[in-house]
């Protein structure tokens, strides 16, 4: 009878452990990338009431007999992960991603240099692709771990250089307005002088209060090919090579004020001068014109140097694993990384950013790790796995090249917990626990009856 007590206690422990597993599964039903656990029972040790014996066909001998055994309840056989892929959950962040397949991301602390042996790297595996670019330009996850993959080889992955036209923004350009006299004999028109070019204004502009309109007329006059020297005019032909945009007027009061009709203000203008042609030498056309303005200062922040079109160099990826970092822009001196924005991750793991010229810049490819026996992995803090002794062969590969899977951008993997199955497991586990507790109760009553017999 005491054996039944032992079996009941063992059953209670086993069912309590299974409830722990079920509770953990349900608690993580909204945990990204969580893999549910299954609890497996096995019957406990046995004692033989009668040993087995073999039979004999000799005269007078007996036949065989099976062993008669009594068990001591149930116990834990194993707790194993269920590594089925969870359903995708759309994300508004294009850097969030998941693996549609059996593979894992490789993440961890910084490893200097490159390597190929994943098992000995000391890094972790993960199914959660919440990725960002940190302040140093490295691809990291939300646990501050570096993401490993295939970096772009030096001298490759360089985008094309588009053809651009040079431009300068010149401010504080001196402007001289001479007001006409409509009552004089003969009447005189108002004029506007910038540098050594004086333009007679239309009759609609009579006073300096109409300065903005006057400057617009000056710009229209000097950029009209009919007024340039090649067409018999007086404006230098250099103005045929540029476009001039008027970006504002300024004034400062003259103190003491001069007597009328002299101007009360010193006037200035702001022009953006853009070459009509592209190329490295297009700034020369801009300089030829700005040199005729008779003054002004350049707004360096708005300067655009012309460039000649250059073809890009396609990215070639390393075969070794390393951290992924924004590459260096070869056009900068001193060398600086590309200024990127609007990152994205494609199905083959390629991480791409967009620079200020809307050019796609490749950062690298995220690696996928394939594990021969995923249940040999050991769970650590957060959502990381450590490669255990029984994990088997661990290899790395590019996404979308094997059953290990491909990358789904703008999605995160939901937990693969089946709530309906978990709640049904709760019911069967609870009933099993009740049945084992009943065994203990009945055994206690039987022992009580045995004690009472002595009385």
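Observations on the model:
- Restricted to the range 261-270, and to residues there that are touching a helix residue (DSSP H, G or I) at 6+ places or on another chain (Cβ under 8 Å) and in a strand (DSSP E or B), the residue that is farthest from residue 209 (Cα to Cα) is 269.
- The condition of being farther than 30 Å from residue 103 by Cα and surrounded by 14 or more Cβ atoms within 10 Å (Cβ to Cβ) does not hold for residue 91.
- Hey, residue 324 surrounded by 13 or more Cβ atoms within 10 Å (Cβ to Cβ) and either in contact (Cβ under 8 Å) with a residue 12 or more places away in the chain or within 25 Å of residue 159 (Cα to Cα) (or both) or not: yes
- Test for residue 152: is it out of contact with any helix residue (DSSP H, G or I) (no Cβ under 7 Å at 6 or more places or on another chain), surrounded by 13 or more Cβ atoms within 10 Å (Cβ to Cβ), modelled with pLDDT of 90 or more and within 30 Å of residue 360 (Cβ to Cβ): yes
- Filter result for the condition that a residue is assigned by TED's automatic domain parsing to the domain that holds residue 131 and crowded, with 17+ Cβ neighbours inside 10 Å, over 22, 99: 99
- Filter result for residue 308 (modelled with pLDDT under 95 and within 38 Å of the chain's Cα centre (by Cα)): yes
- Search result, residues across the range 293-310 that are more than 14 Å from residue 172 (Cα to Cα), surrounded by fewer than 17 Cβ atoms within 10 Å (Cβ to Cβ) and touching a residue at least 12 places away in the same chain (Cβ under 8 Å): 302, 303, 305, 308, 309, 310
- When 183, 207, 234 are screened for being in contact with a helix residue (DSSP H, G or I) (Cβ under 9 Å, 6 or more places away or on another chain) and free of Cβ contacts under 8 Å to residues at least 40 places away in the same chain, only 234 passes.
- Residue match in the range 177-195 (condition: under 18 Å from residue 270 (Cβ atoms), in contact with a strand residue (DSSP E or B) (Cβ under 6 Å, 6 or more places away or on another chain), exposed (fewer than 15 other Cβ atoms within 10 Å of the Cβ) and modelled with pLDDT under 95): no
- Qualifying residue in the range 237-250 (condition: in contact with a strand residue (DSSP E or B) (Cβ under 9 Å, 6 or more places away or on another chain), assigned to a loop (DSSP other than H, G, I, E, B) and either surrounded by 16 or more Cβ atoms within 10 Å (Cβ to Cβ) or outside the structural domain of residue 290 (by TED's automatic domain parsing) (or both)): no
- All strands (runs of 3 or more DSSP E) inside the range 51-152 with 3 or more residues being touching a residue at least 24 places away in the same chain (Cβ under 8 Å) and farther than 30 Å from residue 337 by Cα: 74-81, 88-90
- Residue match in the range 368-378 (condition: touching a residue at least 40 places away in the same chain (Cβ under 8 Å) and at positive phi): no
- Verdict on residue 410 being at positive phi and touching a residue at least 12 places away in the same chain (Cβ under 8 Å): yes
- Output for the range 348-367, where each listed residue is in contact (Cβ under 8 Å) with a residue 60 or more places away in the chain and more than 23 Å from residue 143 (Cα to Cα): 355, 357, 359, 360, 361, 362
- Yes/no for residue 76 being closer than 26 Å to residue 3 by Cβ and within 49 Å of the chain's Cα centre (by Cα): yes
- Residue pairs meeting the criteria (Cβ under 9 Å; at least 6 apart or on separate chains; first closer than 14 Å to residue 445 by Cα, in the range 1-12; second surrounded by fewer than 16 Cβ atoms within 10 Å (Cβ to Cβ) and at pLDDT below 90): 1/446; 1/447; 1/450; 2/447; 4/446; 5/444; 5/447
- Selection status of residue 273, assigned to a strand (DSSP E or B), surrounded by fewer than 18 Cβ atoms within 10 Å (Cβ to Cβ) and either touching a helix residue (DSSP H, G or I) at 6+ places or on another chain (Cβ under 9 Å) or not assigned by TED's automatic domain parsing to the domain that holds residue 360 (or both): no
The values are calculated or read from the model by the stated rules, or taken from the named source; none is laboratory data. Just so it is clear, the structure is predicted and the values come from calculations on it, not from any experiment. Note: ideal-geometry Cβ built from the backbone for every residue, glycine included; neighbour counts use all protein chains shown.
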